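Chemist: Attaching a single structure in structure tokens format; questions to follow.
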Ligand code: AHN
Ligand code: ZN
């Protein structure tokens, strides 16, 4: 042991080390007259996105007013058909490919109702999708009012606001070529659910709401349809409305709630998007989408401090244009636009 290397052996070993070093160093130094990859930060940065366009709240307000001008949009009525036709025309005007789903469904009271879901697809070739949804039908009665309880409501906030925001978004998303494609789902027969004395719902009552969303979840417009995530807009238009993290959304899609609430704060709407979680939605259109299609979908829906639930005009005749405020439409619309625009 410990035999010393002969001078010849040392030379051979030295030559081997030099050769190995050369193999390591030469491929790197070959391009030494090119700019170093690591030194140039733009090489590794993602390509810049076009700036997020400004959401026009006055346009959104006018789009809510237009729906109210059709009168109540109760399934099976002329006002409903006129509004649905108008939504289809708006989507096409902004470059969407439109698919309609029609069916007959049975309401909690046994009544057969015509159902018409409307789907607007933007950039349909894109494989990655984002789903934005809102119901466009309005409640056939005013069961939370003290007067004219069996007459339909105008649904400016409950129905009108979500659709108004989506259609103003459509104006911008028609021109979006980067990132995932957008699918807009205008659900029908959301609001024909069984009246209940309180805000809480038992399991039997839950199934009587959101019939259009239930239908879509069972029969998506594309077999095996999925999306990266979904955002439901419901009652997003009342003056001074605040949006708390909604409990069902937190159960199914906490990461999407985080993304949206963080984005709202980042662009200056943290006063409207409150970080606290509130349990107040028995069900809504996002539930079937989460449960059946497994698309993580959140609900942006007002939580009102005064009622400890929805806006005081909820399911009353006071749900008219007087409760709608463009400032609220802006906070929600700009936040959703920012979230969608920044997806790659
Ligand atoms: C409740 O969660 C009490 N109602 C179903 C959600 C709804 C009704 N959204 C609009 N109208
Ligand atoms: Zn409602």
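Chemist: Considering only DSSP beta bridges where both residues belong to the chain, give the percentage that are antiparallel (nearest 5). Mind dumping the intermediate values first?
Modeler: Values: 18 of 37 bridges.
If I count the DSSP bridges inside the chain, around 50 percent turn out antiparallel.
Chemist: Could you tell me the center-to-center distance, by alpha carbons, between the stretch 129-192 and the stretch 206-230 in angstrom?
Modeler: 15
Chemist: Which ordering of 225, 215, 279 is given by a fewest-first count of other beta-carbon atoms within 10 Å? Before the final figure, lay out the partial values.
Modeler: Values: 225 16, 215 20, 279 13.
By the 10 Å Cβ count, ascending: 279, 225, 215.
Chemist: What is the spin-label model distance, in nm, from residue 112 to residue 276 if the labels are put 7 Å beyond Cα along the C-beta direction?
Modeler: Simple spin-label model gives 4.9 nm for this pair.
Chemist: Computed over the Cα atoms of the stretch 299-344, what is the convex hull's projected area averaged over all directions, in nm²? Don't skip to the end; give the middle numbers.
Modeler: Numbers: hull surface 16.6 nm².
With every direction weighted equally, the projected area is 4.2 nm².
Chemist: In which sequence would 235, 321 go, from the one with the fewest C-beta neighbours within 10 Å to the one with the most? Please list the in-between numbers first.
Modeler: Numbers: 235 29, 321 15.
Ordered by Cβ neighbours within 10 Å, fewest first: 321, 235.
Chemist: May I pose another question? Using mean Cβ contacts within 10 Å as the protection proxy, how do 66-78, 138-150, 48-60 order, highest first?
Modeler: Values: 66-78: 19.6, 138-150: 16.8, 48-60: 15.1.
Answer by packing, highest mean first, reads 66-78, 138-150, 48-60.
Chemist: Å³ per residue of the Cα convex hull, for the chain?
Modeler: On the way: hull volume 73.6 nm³, N = 344.
In the chain, the Cα hull volume divided by residue count equals 214 Å³.
Chemist: Same structure, new question: Antiparallel DSSP bridges in the stretch 184-332: what percent, to the nearest 5? Don't jump to the answer; show the numbers that get you there.
Modeler: Numbers: 3 of 12 bridges.
In the stretch 184-332, approximately 25 percent of DSSP beta bridges are antiparallel ones.
Chemist: Arranged by the count of other C-beta atoms within 10 angstrom, fewest first, what order do 236, 83 take?
Modeler: Working: 236 30, 83 26.
Fewest-to-most Cβ neighbours within 10 Å comes out as 83, 236.
Chemist: Where in the stretch 160-195 is the amide nitrogen less than 17 Å from a point lying 7 Å along the Cα-to-Cβ axis of residue 222?
Modeler: 174, 176-186
Chemist: What percent of all Cα-Cα pairs in the stretch 208-334 falls into each 5 Å bin, going from 0 up to the bin containing the maximum distance?
Modeler: 2, 11, 20, 22, 19, 15, 8, 3, 0
Chemist: Under the rule of -39500 (n - 2.57) per DSSP H run of 4 or more residues, summed and divided by the residues of the chain, what mean residue ellipticity at 222 nm is obtained, to the nearest 500 deg cm²/dmol?
Modeler: Numbers: 11 runs with 121 residues, N = 344.
My calculation for the chain gives -10500 deg cm²/dmol from helical runs alone.
Chemist: Report, in degrees rounded to the nearest 10, the 0 to 90 angle that the Cα long axis of helix 57-69 makes with the longest principal axis of the chain.
Modeler: 30
Chemist: Over the stretch 78-172, consider all pairs of different Cα atoms and compute the Kirkwood hydrodynamic radius from their mean reciprocal separation; express it in Å, one decimal. Intermediate results must be reported in sequence, preceding the final value.
Modeler: Values: mean 1/r = 0.0663 Å⁻¹.
Result for the stretch 78-172, one decimal place: 15.1 Å.
Chemist: Can I ask one more? Rounded to the nearest 0.05, what FRET efficiency is calculated for residue 177 and residue 262 with R0 set to 35 Å and r the Cβ-Cβ distance?
Modeler: 0.85
Chemist: Taking the 0 to 90 degree range and rounding to the nearest ten, how far is the long axis of helix 7-29 tilted relative to the main principal axis of the chain, both from C-alpha atoms?
Modeler: Long axis of 7-29 versus the principal axis of the chain: about 30 degrees.
Chemist: Under a plain spin-label model, where a point goes 7 Å from the Cα along Cα-to-Cβ, how far apart in nm are residue 49 and residue 240?
Modeler: 3.4
Readers should treat all values here as calculations from the given coordinates under stated rules, not as data from a laboratory. Note that the coordinates shown come from a computational prediction; the quantities given were computed from them, not determined experimentally. For neighbour counting, all protein chains shown are included, and Cβ atoms are generated from backbone atoms with ideal geometry for every residue, glycine included.
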